[in-house]
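A short worksheet on the structure shown next.
The values are calculated or read from the model by the stated rules, or taken from the named source; none is laboratory data. Not measured: the values here are computed from a predicted model. Neighbour counts run over all protein chains shown; Cβ positions are idealised from the backbone, glycine included.
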Amino acid sequence: MRRSGFRGCVGFIDGTGIPLHQKPHTKDPETWFCYKKFYGFNALLVCDDKRRIIYYHIGSVASNHDSTVFKRTHLYKQPERFFSKGEYLLADSGFALTKRMVTPYSGRSIVGPMKIKYNLNLTSTRVVSEQMNSILKG
């Protein structure tokens, strides 16, 4: 993924809500209800630049934020199993910036043309994860 200027990037991470047909019959069904107004679960997916899923974590309730779900994964807990030195994922601002996760500048930190250009490049590079989610749900 060198052509994008993100040498070391090995994939793109994003979470997506998978709707359930009906309200679950559990002790706490409201935990399955998300801000998009449906009952479901969160699927956290990592894809490569060809939109192939190379890692997934499924099972968290839809009300969980992507970054919360990520902290439950083996990818987060045991990064040495998945990354070589200098490798990382590109993510949206729903994730925290770490050694293994590169995110856009946000809020008041987006000052100056270099940061704006960086954000545009990151966003246009990681759009494949949004496309992959659309294809998967389509």
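Could you name every one of the helices (runs of 4 or more DSSP H) located completely within region 26-138 that has at least 3 residues being touching a residue at least 60 places away in the same chain (Cβ under 8 Å) and surrounded by fewer than 18 Cβ atoms within 10 Å (Cβ to Cβ)?
Output list reads 113-137.
Checking LYS23 against (1) surrounded by 13 or more Cβ atoms within 10 Å (Cβ to Cβ); (2) of a type outside the set (Phe, Trp, Tyr); (3) not in a helix (DSSP H, G or I): exactly one of these is not met. Which one?
With respect to (1) surrounded by 13 or more Cβ atoms within 10 Å (Cβ to Cβ); (2) of a type outside the set (Phe, Trp, Tyr); (3) not in a helix (DSSP H, G or I), LYS23 is out only on (1).
For the subset of region 1-20 comprising residues that are assigned to a strand (DSSP E or B) and of a type in the set (A, V, I, L, M), which member is surrounded by the most Cβ atoms within 10 Å (Cβ to Cβ)?
Checking each candidate, the answer is ILE13.
Tell me whether region 48-59 contains one or more residues that are within 21 Å of VAL127 (Cα to Cα) and among the acidic types (Asp, Glu).
Checked against the condition, which is being within 21 Å of VAL127 (Cα to Cα) and among the acidic types (Asp, Glu), region 48-59 yields at least one hit.
Filter region 11-70 for residues that are out of contact with any Lys or Arg (no Cβ under 9 Å at 6 or more places or on another chain), among the aliphatic types (A, V, I, L, M) and at pLDDT below 90 and give the result.
Residues satisfying the conditions are LEU20, VAL61.
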